[in-house]
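Quick notes on the structure that follows.
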Amino acid sequence: MSDVAGVILWVGVVFYAVFGGADFGAGFWDLTAGGAGRGRRPRALIDAAVGPVWEANHVWLIFCLVVLWTAFPSAFAAIMTTLGIPLAIAAFGIVVRGSGFAFLRVSTRLSRQRMFGIAFATSSVITPFFLGTVAGGIASGRVPVGGNGDPIESWVNPTSILGGVFAVVVCAYLAAVFLVYEANRRRDEALVDAFRARAIGAAVVAGVVSVAGLFVLADDAPRLHDRLLGTAWPVVVVSVLLGLAALVLLVRRAAAYARVAAAAAVAAVIGGWGIAQYPNVLGTRFALDRAAAPATTLAWVLGIFVAAVVLIGPSLVWLYVLAQRGELSEPDR
């Protein structure tokens, strides 16, 4: 049952990384779109793509926190008491980002649009960076079983910084791929070409960071490094192949299939991390079965997960379908 709960948690992390990641990445491209004149069309596309779904994407973060808290309460306490600073910054970034985006869409004065636009864009970079540092701190085994680990060194270290940078780059990559599809759906060839170039550039940067990251992990988190290239190597290879496939599909202008390949590549990266860390929930320590709640609680987690899939899943799918069809209201900035 502890393994089942771990898989459920992994599913939530994957969905948040893909949908929430693309959401954050859109803010990165908003930040780098340029001045009011040059950035008007890219920002309008970003607004139209993100507007209908940005609130729903954070459902997956709430899902992950609730499953972690309920199924693995000891691990949850250890993470929260050790990595409280980056988690608090990430939470603050989520609030600022959401507020900035919401007020931006209803503001009429240019000065306020700029202020809220900056809040939305900068927090879209800050938030995934600090969530990445949390992942790095956990993966490198810097969260002690009893919690209350070093509040600074636990996330200010080479693996955490690598995790933060990689998270920002991957979010930018996912968003660019998704925006290629959105621009293609709107038959805006100029934006298709612009975001295709951004997606390819972000993919190259992600590859460079990944290769450099292997050297960082070899020095700072040797167990994770060895298991990534050992037990988890098939999944790592799959992620590389899927990433290359996404690039080929982008070049061949198959935007719809490129989205699927890019999302699957990110899922494979997270899968490789999970396999490399298994059977531990805190990097090098605290096995899943030891950290898990009683079997009765885990059974309830499984039952509620199935109920959520049945009751809530169709609503989310329908939301994304309507958004992709362009049938939801998309007020201009």
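Could you check, for region 237-250, whether at least one of its residues is touching a Leu at 6+ places or on another chain (Cβ under 7 Å) and part of a helix (DSSP H, G or I)?
no
Pick from region 247-259 the residues that are surrounded by fewer than 16 Cβ atoms within 10 Å (Cβ to Cβ) and not small (Gly, Ala, Ser): which of them is farthest from Asp193 (Cα to Cα)?
Selected residue: Tyr257.
Under 17 Å from Ile85 (Cα atoms), at pLDDT below 95 and in contact with a helix residue (DSSP H, G or I) (Cβ under 7 Å, 6 or more places away or on another chain) - does that describe any residue in region 104-124?
yes
So Leu104 passes all but one of these: (1) more than 26 Å from Ala183 (Cα to Cα); (2) in contact (Cβ under 8 Å) with a residue 24 or more places away in the chain. Which condition number does it fail?
Just one mismatch for Leu104, condition (1).
Filter region 73-89 down to the residues that are at pLDDT 95 or above, out of contact with any Gly (no Cβ under 8 Å at 6 or more places or on another chain) and open to solvent by less than 10 Å² (accessible area, probe 1.4 Å) and list them by number.
The answer is none; no residue qualifies.
Can you tell me which condition Ala48 does not meet? The list is (1) open to solvent by 40 Å² or more (accessible area, probe 1.4 Å); (2) in contact (Cβ under 8 Å) with a residue 40 or more places away in the chain, and all the others hold.
(1)
Can you tell which of Gly303, Gly272, Gly313 is modelled with pLDDT under 90 and either exposed (fewer than 15 other Cβ atoms within 10 Å of the Cβ) or within 15 Å of Arg227 (Cβ to Cβ) (or both)?
None of the other options fit; the residue is Gly313.
Determine which member of the set Arg290, Arg325 is open to solvent by 30 Å² or more (accessible area, probe 1.4 Å), modelled with pLDDT under 95, closer than 29 Å to Leu224 by Cβ and of a type in the set (Lys, Arg).
The match here is Arg290.
Restricting region 5-31 to residues that are open to solvent by 60 Å² or more (accessible area, probe 1.4 Å) and more than 11 Å from the chain's Cα centre (by Cα), which is modelled with the lowest pLDDT?
Within region 5-31, the match that is modelled with the lowest pLDDT is Leu31.
Collect the residues in region 201-221 that are of a type outside the set (Gly, Ala, Ser) and either open to solvent by less than 60 Å² (accessible area, probe 1.4 Å) or within 11 Å of Ala276 (Cα to Cα) (or both), keeping them in residue-number order.
Matches in region 201-221: Val209, Val216, Leu217, Asp220.
Here's a check for you: in region 128-162, which residue that is among the aliphatic types (A, V, I, L, M) and in a loop (DSSP other than H, G, I, E, B) is surrounded by the most Cβ atoms within 10 Å (Cβ to Cβ)?
Val143
Go through region 163-197 and report how many residues are free of Cβ contacts under 8 Å to residues at least 12 places away in the same chain and crowded, with 21+ Cβ neighbours inside 10 Å.
Final tally of qualifying residues: 0.
The values are calculated or read from the model by the stated rules, or taken from the named source; none is laboratory data. Small disclaimer: the values here were computed from a predicted structure and weren't measured. In this analysis, Cβ positions are derived from the backbone assuming ideal geometry, glycine residues included, and neighbour counts consider all displayed protein chains. Quick note on the areas: whole protein, heavy atoms, side chains included, nothing else; ligands and nucleic acids left out. Shrake-Rupley method; radii C 1.70, N 1.55, O 1.52, S 1.80 Å.
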